[in-house]
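Q: Below is the structure I would like to discuss, written out as structure tokens.
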Amino acid sequence: MKKRVVITGMGAVSPIGNDIETLWESIKKTKPGIDFITGFDASGIKVNVAGEVKGFDPVKYIDKKEAKRMDRYTQFAIAASSQAFENSGLKEADYNPERMGVIVGSGIGGLGTIEEQAGKLQSRGPKRISPFFIPMSIVNMASGNVAIALGAKGLCNTVVTACASGTNAVGEALRNLQYGYADIIVAGGTEAAVTLLGVAGFEAMTALSTKDDPARASIPFDVERDGFVMAEGAGMMVLETLEHAKARNAKIYGEIAGYGFTCDAHHITAPAPGGEGGARAMKLAIEDAGIKPSDVSYINAHGTSTPYNDKFETQAIKTAFGESAKDIPISSTKSMTGHMLGAAGAIEAIVCAKALQDGFVPATAGLAKPDPECDLDYVPGKGRQQELSYALSNSLGFGGHNASIILKKWEE
């Protein structure tokens, strides 16, 4: 029999807040974190806006010497995980560290380190490469360092499914907890790819918005959308079996109830026509949660602000939900955060948990001119107070990766 899995801790580093409280207040006030790029000179490229993390100090969470030996994406993961761990009350709890695991998703890993060290190689030769280059840049080092920081000696894994990584990490944690492979798993996603190489690479694909107005750059489901806005950060959750959480009298913030994931097997970057792979992922998540499509009261869409994604995701939602699709409020919080790539799904799972807890539907900020082909209730401009029971979060990644999770409002 599958065990129930609950959320007992959450942490965030994001363009709209470096802790859960600030993140959620920004969401409720529809306060975007997208602005002109400050982290590097963007004068040589067409893209000049991003969702950068502001005011982040890794030394608050990591020894100064150790922090210098970590890429920014790992620093973000440790910060968000430390917040979630503190939030969970586990520091004072009695638990078996061999039954605590870590699963972190990241689409790219230490891109900033790769860019920096490649520059040194070209300008100063191979002898100037840092001995920490490899352990700073490889994608599994976020999960490895989180495990070290928290003393988690159970399963330790890394998910790399592009923009679906964060959602897949939470989903895989759900599976492992449901079937008894762990009692506690710290799960989520992290990314720090807002670098010249990262932005120029996505620009070369014509995937990014080239608008000069930050307020009109990430506008999911708007007819004037022209691409996504790169962003960075991390979202981490402490997930536990209900049995384990209750035994230590933990505060419970929500429940992870279902998970579905599929592959388009269609194209390396373009979604399948009609979003059929995404529709199957949603149907599987709903089935896994043991609910009906009409039970879902909020959808946090992948909603990237690219012409194809938003159109096909709309079609996918209609396929998965049938007649009830038109009655469900749907929003893309990427309109406020930008697209955090491998961290996106984790932050959006946290947003769903808070939405269920507070009975609040986030807005799609900046949605001023709805696309006639995106004709569902996309909550333009301002959020709503509304009682919610189940929320679904979608993440759709390059390579045809589709992941959906169902969260449930906590009740005994």
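The values are calculated or read from the model by the stated rules, or taken from the named source; none is laboratory data. Predicted model only: the values in this text are computed from it and were never measured. Cβ placement follows ideal geometry from the backbone for every residue including glycine, while neighbour counts extend to all protein chains displayed.
Q: When Asp71 is evaluated against the numbered criteria (1) touching a residue at least 12 places away in the same chain (Cβ under 8 Å); (2) more than 23 Å from the chain's Cα centre (by Cα), which criterion, by number, is the only one it fails?
A: Answer for Asp71: the failing condition is (2).
Q: If a residue counts only when it is touching a Leu at 6+ places or on another chain (Cβ under 8 Å) and either farther than 16 Å from Ile78 by Cβ or not acidic (Asp, Glu) (or both), which helices (runs of 4 or more DSSP H) contained entirely in the stretch 100-205 have at least 3 such residues?
A: 111-124, 165-178, 196-204
Q: Can you find a residue that is farther than 21 Å from Asp222 by Cα and either touching a strand residue (DSSP E or B) at 6+ places or on another chain (Cβ under 6 Å) or of a type in the set (Ser, Thr, Tyr) (or both) anywhere in the stretch 364-377?
A: Checking the stretch 364-377: not a single residue is farther than 21 Å from Asp222 by Cα and either touching a strand residue (DSSP E or B) at 6+ places or on another chain (Cβ under 6 Å) or of a type in the set (Ser, Thr, Tyr) (or both).
Q: Which ones in the stretch 30-59 are assigned to a loop (DSSP other than H, G, I, E, B), exposed (fewer than 13 other Cβ atoms within 10 Å of the Cβ) and not hydroxyl-bearing (Ser, Thr, Tyr)?
A: Once the filter is applied, which keeps residues that are assigned to a loop (DSSP other than H, G, I, E, B), exposed (fewer than 13 other Cβ atoms within 10 Å of the Cβ) and not hydroxyl-bearing (Ser, Thr, Tyr), the stretch 30-59 yields Asp41, Gly44, Gly55, Asp57.
Q: Can we say Glu224 is touching a residue at least 60 places away in the same chain (Cβ under 8 Å), in a helix (DSSP H, G or I) and surrounded by fewer than 21 Cβ atoms within 10 Å (Cβ to Cβ)?
A: no
Q: Report, ordered by the first and then the second residue, all pairs with beta carbons closer than 6 Å, sequence separation of six or more or different chains, a first member in the stretch 325-345 that is over 19 Å from Pro214 (Cα atoms) and at pLDDT 95 or above, and a second member that is aromatic (Phe, Trp, Tyr) and assigned to a loop (DSSP other than H, G, I, E, B).
A: So the pair list comes out as Ile330/Tyr378.
Q: Then there is this: Only one of (1) farther than 29 Å from Ala353 by Cβ; (2) without any contact (Cβ under 8 Å) to a residue 60 or more places away in the chain; (3) not in a loop (DSSP other than H, G, I, E, B) is not met by Glu276, so which one is it?
A: Among (1) farther than 29 Å from Ala353 by Cβ; (2) without any contact (Cβ under 8 Å) to a residue 60 or more places away in the chain; (3) not in a loop (DSSP other than H, G, I, E, B), Glu276 violates only (1).
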